[in-house]
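Quick notes on the structure that follows.
Laboratory data are not the source of any read-out in this text; all were calculated from the coordinates shown. Predicted model, so just to flag it, every value in this text is computed and none were measured. FYI the Cβ positions are ideal-geometry reconstructions off the backbone, even for glycines, and counts take in every protein chain you see.
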Amino acid sequence: MFNQSFTETLRLSEKQLTGALGLGTLLASFSLPLFGMLMDRWGIRRAMSLIVLLLGAACLFASQVSSLVMLFLAFLLLRMFGQGALSLFAQNSLAMWFRERLGTAVGIMSVGSILLMGQLPVLIRASIQQVGWRTTYALLGLGVWAIMLPVLALLFRNRP
């Protein structure tokens with residue numbers, strides 16, 4: 001959703017944008033064992049709380065990028081904390097919570113994720129058109145904090 005804004009604002013070629021995203025994604029994947037160890041040591045609730053804080057900060061950082069190097073770093077952080085660590089923790093949460101009927105729980109989570117991910121691009125595109133890509137990224141970061149931190153504090157348990 002942000003690619004056109006990045007190429008226009010930062011005057012990047014498609015090749016530069018794709019390279020930054022690809023390299024950021026690849027390098028971010030190497031952090032997953034570290035996050036797995038962190039989850040094992042701290043428990044999933046504390047580890048996920050840290051990742052939510054870092055993901056929100058990464059979104060705020062992404063709203064401020066002004067060069068290809070900063071964009072690469074933003075992609076690295078977003079992939080590391082969002083698609084990487086947060087996804088890892090969410091999948092492991094279900095396995096910790098559901099000894100029986102894990103398949104059903106994963107299926108329900110998958111449907112919910114697909115429905116949410118189907119709506120998110122529409123909302124992001126509308127936000128970019130209304131307030132611009134920088135403000136949209138900042139709102140995403142604040143939204144991650146506003147939604148996830150209370151959920152983690154009030155509802156989430158390591159092993160319910």
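Any idea which of (1) surrounded by fewer than 15 Cβ atoms within 10 Å (Cβ to Cβ); (2) more than 22 Å from Leu149 (Cα to Cα); (3) in contact with a helix residue (DSSP H, G or I) (Cβ under 7 Å, 6 or more places away or on another chain) is the one Ala95 doesn't satisfy? Here Ala95 meets the rest and fails (2).
Report yes if some residue within the stretch 49-59 is of a type in the set (A, V, I, L, M) and free of Cβ contacts under 8 Å to residues at least 12 places away in the same chain; otherwise report no. Checked the stretch 49-59: no residue is of a type in the set (A, V, I, L, M) and free of Cβ contacts under 8 Å to residues at least 12 places away in the same chain. Note on the stretch 63-92: residues that are surrounded by 14 or more Cβ atoms within 10 Å (Cβ to Cβ) and either acidic (Asp, Glu) or touching a Lys or Arg at 6+ places or on another chain (Cβ under 9 Å) (or both) amount to 2. Across the stretch 20-53, the number of residues qualifying as surrounded by 13 or more Cβ atoms within 10 Å (Cβ to Cβ) and not in a helix (DSSP H, G or I) comes to 2. Scanning the stretch 114-133 for residues that are more than 22 Å from Ile51 (Cβ to Cβ), in contact (Cβ under 8 Å) with a residue 24 or more places away in the chain and buried (at least 17 other Cβ atoms within 10 Å of the Cβ) yields a total of 2.
Restricting the first member to the stretch 142-154 and to residues that are closer than 15 Å to Ala90 by Cα, and the second to residues that are of a type in the set (A, V, I, L, M, F, W, C) and part of a helix (DSSP H, G or I), the beta-carbon pairs closer than 7 Å and six or more apart or on different chains are Val144/Val52; Val144/Leu55; Val144/Cys59; Met148/Val52; Leu149/Val52; Leu152/Met48; Leu152/Val52.
Per-residue answers, yes or no, for (1) touching a Cys at 6+ places or on another chain (Cβ under 8 Å); (2) farther than 15 Å from Gly43 by Cα; (3) not in a helix (DSSP H, G or I):
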position	(1), (2), (3)
Phe61	no, yes, no
Val65	no, yes, yes
Phe72	no, yes, no
Phe75	no, yes, no
Phe81	no, yes, no
Gly84	no, yes, no
Gln91	no, no, no
Arg99	no, yes, yes
Thr104	no, yes, no
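A count restricted to the stretch 1-19 and to residues that are within 17 Å of the chain's Cα centre (by Cα) and surrounded by 14 or more Cβ atoms within 10 Å (Cβ to Cβ) stands at 2.
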